[in-house]
1. Select from the stretch 250-275 the residues that are under 15 Å from the mean Cα position of the chain (by Cα), in a loop (DSSP other than H, G, I, E, B) and basic (Lys, Arg) and list them in ascending order.
2. Tell me, which residue of the stretch 141-165 that is of a type in the set (Asp, Glu) and without any contact (Cβ under 8 Å) to a residue 40 or more places away in the chain is nearest to residue 184 (Cα to Cα)?
3. Would you be able to say whether some residue in the stretch 53-60 is in contact with a helix residue (DSSP H, G or I) (Cβ under 7 Å, 6 or more places away or on another chain), open to solvent by 40 Å² or more (accessible area, probe 1.4 Å), assigned to a helix (DSSP H, G or I) and at pLDDT 85 or above?
4. Quick one: what pairs do we get from the stretch 96-107, first residue in a loop (DSSP other than H, G, I, E, B), second surrounded by fewer than 18 Cβ atoms within 10 Å (Cβ to Cβ), C-beta under 8 Å, 6+ apart or different chains?
5. Quick one: in the stretch 276-286, which of the residues that are in a helix (DSSP H, G or I) and in contact with a helix residue (DSSP H, G or I) (Cβ under 8 Å, 6 or more places away or on another chain) is farthest from residue 245 (Cα to Cα)?
6. For residue 201, work out the one condition from (1) open to solvent by 40 Å² or more (accessible area, probe 1.4 Å); (2) in contact with a Ser or Thr (Cβ under 6 Å, 6 or more places away or on another chain); (3) under 17 Å from residue 301 (Cβ atoms) it doesn't fulfil.
7. Output the residue which, of all residues in the stretch 84-137 that are β-branched (Val, Ile, Thr) and within 18 Å of the chain's Cα centre (by Cα), is nearest to residue 164 (Cα to Cα).
Amino acid sequence: MPWKPMAAPQHSPIFPPPSGCSPSALYRVMRFLVHRKIFKEAPAGYLQTPLSRLLLKNVEKSLAALLLLESSPVMLAPWHCLSARVLANGSPAFESAHGKDIWSYAEENPGHNKLFNDGMACDARIVVAAIVEGCPEVFDEVESVVDVGGGDGTALRLLVEAFPSIRGINFDLPHVVSEARDCVGVEHVGGDMFASVPKADAAYLMRVLHDWDDDECIQILRKCREAIPKDKGKVIIVEAVVKEDNNDKLEYARLMLDMAMMAHTNKGKERTSKEWAFVLSESGFSRHTIKNIKAVQSVIEAYP
């Protein structure tokens, strides 16, 4: 940190704050951040905690891009329209705030589109690491993977780096994959997942299905089932599984994600294991398993 003040008994920093800042006001901010364990007070000033280190850019597993996305004016505005979504036959909150859905808005606003892709890539780095560490066997004997709704390709790039024998297809809307960077072992393909999905041994969907209602999920999953081999293919879904368990330390984050789905999507939601079983059965899958990892999400493997 460029400035590490020490709090004097009169609640004012001993060392000069950054130029242009009010010493007393900045101290009040730091007092709050210390209480929330974002910083730690020390004899020589303030020290970073594991939480605040996650907010730094250009560090491993940084959450900075995701925080910048979720705290942007575009993403905050729909929260003020949430009542529109709660009402019976109400309007989607994002559309009430911006006049169009989140996907159309991103396509027409390159700056927000980049912010969105960077935020999703930030999350992908954390979740893919948890998958590689917690259940690498998911990719045993998988020679090709199509990442459906793969964004800028970060998740697939990390998977191919971890499992070099895999050939990857990053599949998303044309304006999304046009921003994806080249990567050895990964092909970027633009298209519409509601129409068709490129063929591969496995279809991978991470934080995609929660954006849609059950009928839309079933449409997407049926296209994925058509894209994989009937004998050895599978669909790998990485999504939150709501447990409704107050003793689960991550349940708050899952329920908060569900609120975000209400604010930012037209019909999206987080699902319980029973709700996942329903959409998978209706999509024509004969069986599925759910594996927990060290993340808010779980890994669901679905078989034809």
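1. 269
2. 161
3. no
4. 100/108
5. Restricting to residues being in a helix (DSSP H, G or I) and in contact with a helix residue (DSSP H, G or I) (Cβ under 8 Å, 6 or more places away or on another chain), the top hit is 282.
6. It is condition (1) that residue 201 fails.
7. 132
Here's the yes/no breakdown for (1) open to solvent by less than 10 Å² (accessible area, probe 1.4 Å); (2) part of a loop (DSSP other than H, G, I, E, B); (3) under 23 Å from residue 229 (Cα atoms):
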{"residue": "122", "(1), (2), (3)": "yes, no, no"}
{"residue": "127", "(1), (2), (3)": "yes, no, no"}
{"residue": "141", "(1), (2), (3)": "no, yes, yes"}
{"residue": "165", "(1), (2), (3)": "no, yes, yes"}
{"residue": "181", "(1), (2), (3)": "no, yes, no"}
{"residue": "187", "(1), (2), (3)": "no, no, yes"}
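The values are calculated or read from the model by the stated rules, or taken from the named source; none is laboratory data. What you are looking at is a predicted structure, and each value in this text was computed from that prediction instead of being measured. Heads up, the Cβs are rebuilt from the backbone with ideal geometry, glycines too, and the neighbour counts pull from every protein chain shown. We work out accessible area using only protein heavy atoms, side chains counted, and drop any ligands, DNA or RNA first. Shrake-Rupley method; radii C 1.70, N 1.55, O 1.52, S 1.80 Å.
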